[in-house]
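Notes to accompany the following structure.
The values are calculated or read from the model by the stated rules, or taken from the named source; none is laboratory data. Treat the numbers as computed from the prediction; the structure is a model and nothing was measured. We place every Cβ from the backbone using ideal geometry, glycine too, and count neighbours over all the protein chains shown.
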Amino acid sequence: MTPRIGYAAGAFDLFHVGHLNLLRQAKAECDFLVAGVVTDELLVKTKGQPPIIPLAERLEIVRNIRFVDDAISEHLPRKIDTWRSNPFDVLFKGDDWRGTPKGLELERDFAAVGVDVVYFPYTVHTSSTAIRRTLELLNSDAQGWVPLQGIP
C-alpha cells in the first residue's frame, strides 16, 4: 500500500499550541507529514509584514516537532504550485479557511488533481497575530515606562 502523504503549511511564526494542534491532527490523518514553512518574503507579500522569527529558525523548530516527517520552505503563493513540485495526497488547513474564497479555490484546484482538502478546528484562543499584537503593546508600554515613585 502506498503511504498517504500529507501537507500542512503555515508561517509557524511564534510557534504556539494552535500550530502544534494542526500538526498533531494532520499526522493522525496521514503516513508521512510534510510541513511547509512560508518564507519571509512570501509572508511580507501576503500578510504585509515579515515574521518575527526568521525562516531558518522556523524551519528548524518545525523539523523538530515529532509529528513532522519533513519540513520545506514554501515560497510559492498558490498551494497547487507547491503540490506540482512536492506532490502530496491530502492538504490540511485550519477551518478558518472553510467557505472562504481562498478555501474554495483550494478545494477546486485540488479536486482537479485528486487531492483531498481536510479542515481542522482553528485554535481560537491563540494565534501568532494575537501574540504579535501583545508584544507590540508591551514594547510600546516599555518605551514610555516610568517607574512608580519609590520603586526602582
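Worth a mention:
- Counting only residues that are part of a helix (DSSP H, G or I), exposed (fewer than 11 other Cβ atoms within 10 Å of the Cβ) and at pLDDT 95 or above, the range 102-147 holds 0 of them.
- Inclusion of residue 89 among residues that are touching a strand residue (DSSP E or B) at 6+ places or on another chain (Cβ under 6 Å), closer than 30 Å to residue 1 by Cα, at pLDDT 70 or above and exposed (fewer than 15 other Cβ atoms within 10 Å of the Cβ) is not warranted.
So that you can scan it fast, the table gives a plain yes or no per residue for (1) more than 19 Å from residue 27 (Cα to Cα); (2) more than 17 Å from the chain's Cα centre (by Cα); (3) of a type in the set (A, V, I, L, M, F, W, C):
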residue: 66; (1), (2), (3): no, no, no
residue: 84; (1), (2), (3): yes, yes, no
residue: 87; (1), (2), (3): no, yes, no
residue: 91; (1), (2), (3): no, no, yes
residue: 102; (1), (2), (3): yes, no, no
residue: 106; (1), (2), (3): yes, no, yes
residue: 109; (1), (2), (3): yes, yes, no
residue: 114; (1), (2), (3): yes, yes, no
residue: 119; (1), (2), (3): no, no, no
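- Residue match in the range 73-80 (condition: surrounded by fewer than 13 Cβ atoms within 10 Å (Cβ to Cβ), of a type outside the set (D, E, K, R) and in contact (Cβ under 8 Å) with a residue 12 or more places away in the chain): yes
- Considering residues of the range 20-41 that are touching a residue at least 60 places away in the same chain (Cβ under 8 Å) and part of a helix (DSSP H, G or I) only, the residue nearest to residue 94 (Cα to Cα): 22
- Within the range 35-67, the residues that satisfy the criterion of being in contact with a strand residue (DSSP E or B) (Cβ under 7 Å, 6 or more places away or on another chain) and buried (at least 21 other Cβ atoms within 10 Å of the Cβ) are 35, 36, 37, 38, 55, 58, 62.
- Residue count for the range 1-19, restricted to those that are assigned to a loop (DSSP other than H, G, I, E, B) and buried (at least 18 other Cβ atoms within 10 Å of the Cβ): 5
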